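This report concerns only the one structure given below.
The values are calculated or read from the model by the stated rules, or taken from the named source; none is laboratory data. Here the structure is a predicted model, which is why all the values come from computation and not from measurement. With ideal geometry, Cβ positions are generated from the backbone for all residues, glycine too; neighbour counts draw on all protein chains shown.
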Amino acid sequence: MKLYFYNTYSEVRNITLEKNVTDNSTESIDYVTGPIDPWVLHWPILTIIVFIGLYGYKIYKKQTHQFTHFLPFHVLSYCSIITTVILSFRMVFSRRIYVFDYIFTMFYFSFLMCQCFLVLGFSTVQMTLELFGIEITRRKKYLILGIPLAMMMKIASFFTKIYLEVYHLKIEFEVLESFCILFSFALLLGFLIKFRMNKLNITQKLVSTTFHGYLIVSLTIIMKVGIVFYKIANNPRESQVTTIEYIIYSWYFPFLWIVSVYVCYSKYVLAWVEAHQKKEEVIQMTPVETVEANRRRASIETTVSYLSVADISVNG
């Protein structure tokens, strides 16, 4: 078994120079990820329809306050919708508006290859802040700065891969996404330690942040492992397996926060959070009540002792 980093920029550049890449977006994706099933391109539209239905129901019920703890993912879902609309618009007018086609290519591919890292990255940051009890007041300001910064980090590290060699098989992983996943497991250990020590304050914000974070992490791992086993099953003699297809199959990641909203604000989860908060209040009040009781007992004993001494002196 062997684990190492490798930069694939030179290889991709040589392939690009040798092949004449056309203007078709599907063919352009093929050069990066390999052939893609046509039905995959219909997922964004179906996902947006389901998202709008769930999102609209919360607005109809006037429960938009439940979106508060999901602000970064709320913004990313809008960005994903805009990207998908641009994709549809480009498919209609690709032969007529060439300037728009160039702008689309830059915007679409940049966001497409960054959106999974953006979701994982913001989840990791939120869980870190919750674990260490750090509060950020100007979240929108940091979010506006954070999205372009995260995209630049992803684009800069896009050609740097992690390779895991097992016997004759070489498996490729993305660097930043892998780091977020490993760091999330370290955060999980921290949450468990604080929970066992009764130092973890159970709040609705904590539950929402951690549930959504580990939902994203779990789905990312399942998707990557699934891609690896699928490729090995289809071609047992394959010497190199890439997981870059997850970029295409993770179109729905920016919309998963609405699922977390329904789960974290269900009556069962709300009752569980309320029960823990009441338990913590009892634990916090008990030492105070004990101190007050000890003070009253000491005061009574002192008074009785004083009266007894006075009585003795009078009788004498």
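For this structure, a couple of remarks:
- Conditions (1) over 30 Å from VAL282 (Cα atoms); (2) surrounded by fewer than 19 Cβ atoms within 10 Å (Cβ to Cβ); (3) among the hydroxyl-bearing types (Ser, Thr, Tyr): number failed by THR203: (1)
- Number of the condition not met by ILE248 [criteria: (1) at pLDDT 95 or above; (2) over 15 Å from LYS205 (Cα atoms); (3) hydrophobic (A, V, I, L, M, F, W, C)]: (1)
- Criterion: assigned by TED's automatic domain parsing to the domain that holds LEU46, within 27 Å of PHE117 (Cα to Cα) and at pLDDT 95 or above - qualifying residue of ILE258, ILE232, ILE222: ILE258
- First in segment 60-85 and touching a residue at least 40 places away in the same chain (Cβ under 8 Å), second anywhere and hydrophobic (A, V, I, L, M, F, W, C) and assigned to a helix (DSSP H, G or I), Cβ under 6 Å, 6 or more apart: GLN66/VAL261; PHE70/TRP257; PRO72/PHE122; PRO72/LEU143; PHE73/TRP257; HIS74/PHE67; LEU76/LEU118; SER77/PHE255
- Taking the criterion of being over 17 Å from the mean Cα position of the chain (by Cα) and among the hydrophobic types (A, V, I, L, M, F, W, C), the residues of segment 154-188 that qualify are ILE155, ALA156, PHE158, PHE159, ILE162, LEU164, VAL166, LEU169, ILE171, PHE173.
- Residues that are in a helix (DSSP H, G or I) and touching a residue at least 24 places away in the same chain (Cβ under 8 Å) within segment 166-184 comprise VAL175, LEU176, GLU177, CYS180, ILE181, PHE183, SER184, listed in sequence order.
- Taking the criterion of being modelled with pLDDT of 90 or more and acidic (Asp, Glu), the only residue of segment 124-138 that qualifies is GLU130.
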